[in-house]
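**Student:** Just dropping this structure here.
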Amino acid sequence: MDPTFAGKVVFATGAASGLGKSTALAFARAGAALSLMDTDTAGLADRRAQVEELGSACLAQTADVSHKANCTAAIAATVQRFGHLDVLCNVAGAVAFYHAAEITEEQWQRSLGVNLSGPFYLSQAAIPHLLRTAGNIVNVASVNGMRGSAHVVPYATAKAGLI
């Protein structure tokens, strides 16, 4: 274990797979305590086990980032468990492929909720804690936020907003 983040608390979304998984494991290897959030209960349980095997404390929270109450509760639970927060990593993402003319309102709202509203809600809840620790927020965006595509309009729009 690299002690670079020893004593630090990192909150990461989308931790069950992909970039969120890699983020969680990298911070665990660097010695951070982790608070992880995802909708995939089984994947999240696997990640918690991996983080703990690396010697880091871990709080795993199954919740949807697109709901403000979930975000507020998850940050509060993190601070209650660990006493402070040093880094918020908004990694969760949801992309689906549809032609722009065929996107439903539900698909549009889901993409904006996960990719834009969720990071805002989490940041809003985390900022008071991060100000106390001179902490950081890391938002993971996408090249699609810089250039749109007819088949990922909601995703590209949300990631552009995040940027």
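The values are calculated or read from the model by the stated rules, or taken from the named source; none is laboratory data. Values in this document were obtained by computation on a predicted structure and should not be read as measured data. Note: ideal-geometry Cβ built from the backbone for every residue, glycine included; neighbour counts use all protein chains shown. Note: areas computed on protein heavy atoms with side chains; ligands, DNA, RNA excluded. Shrake-Rupley method; radii C 1.70, N 1.55, O 1.52, S 1.80 Å.
**Student:** Of the residues Ala74, Ala57, Ala141, Ala96, which is within 12 Å of the chain's Cα centre (by Cα) and touching a residue at least 24 places away in the same chain (Cβ under 8 Å)? Can you show your working first?
**Tutor:** Details: Ala57 fails: within 12 Å of the chain's Cα centre (by Cα); Ala141 fails: touching a residue at least 24 places away in the same chain (Cβ under 8 Å); Ala96 fails: within 12 Å of the chain's Cα centre (by Cα).
After applying the criteria, what remains is Ala74.
**Student:** Then there is this: Considering the stretch 118-127 alone, what residues qualify as being more than 20 Å from Gly18 (Cβ to Cβ) and open to solvent by less than 40 Å² (accessible area, probe 1.4 Å)?
**Tutor:** Ser123, Ala125, Ala126
**Student:** Let me ask something else about it. Tell me which residues, restricted to the stretch 20-43, are open to solvent by 60 Å² or more (accessible area, probe 1.4 Å) and farther than 16 Å from Leu122 by Cβ.
**Tutor:** First pass over the stretch 20-43, keeping only residues open to solvent by 60 Å² or more (accessible area, probe 1.4 Å): 21-22, 29, 39-42.
Selection gives Lys21, Ser22, Arg29, Asp40, Thr41, Ala42.
**Student:** For the subset of the stretch 49-63 comprising residues that are open to solvent by less than 70 Å² (accessible area, probe 1.4 Å) and not aliphatic (A, V, I, L, M), which member is farthest from Ala74 (Cα to Cα)?
**Tutor:** Initially, the stretch 49-63 is screened for residues open to solvent by less than 70 Å² (accessible area, probe 1.4 Å), giving 49-51, 54-61, 63.
With the extra rule that they be not aliphatic (A, V, I, L, M), the set shrinks to 50, 55-56, 58, 61.
On the way: Gln50: 20, Gly55: 22, Ser56: 19, Cys58: 13, Gln61: 7 Å.
My answer is Gly55.
**Student:** Quick check on my filter: what residues within the stretch 128-163 are surrounded by 15 or more Cβ atoms within 10 Å (Cβ to Cβ) and under 16 Å from Thr78 (Cβ atoms)?
**Tutor:** Residues satisfying the conditions are His129, Leu130, Gly135, Ile137.
**Student:** Oh, and also: Could you please let me know if Asp46 is assigned to a loop (DSSP other than H, G, I, E, B), open to solvent by 10 Å² or more (accessible area, probe 1.4 Å), acidic (Asp, Glu) and under 28 Å from Arg110 (Cα atoms)? Break it down into steps so the answer makes sense when it comes.
**Tutor:** Details: assigned to a loop (DSSP other than H, G, I, E, B): no; open to solvent by 10 Å² or more (accessible area, probe 1.4 Å): yes; acidic (Asp, Glu): yes; under 28 Å from Arg110 (Cα atoms): yes.
No; evaluated as a whole, the condition is false for this residue.
**Student:** Go through the stretch 85-109 and count every residue that is in contact with a Leu (Cβ under 9 Å, 6 or more places away or on another chain) and open to solvent by 30 Å² or more (accessible area, probe 1.4 Å).
**Tutor:** 1
**Student:** Here's another thing I want to ask about it. For the stretch 1-24, which residues satisfy the criterion of being closer than 16 Å to Gln61 by Cα and among the hydrophobic types (A, V, I, L, M, F, W, C)?
**Tutor:** Of everything in the stretch 1-24, those that are closer than 16 Å to Gln61 by Cα and among the hydrophobic types (A, V, I, L, M, F, W, C) turn out to be Val9, Val10, Phe11, Ala12, Ala15, Ala16, Ala24.
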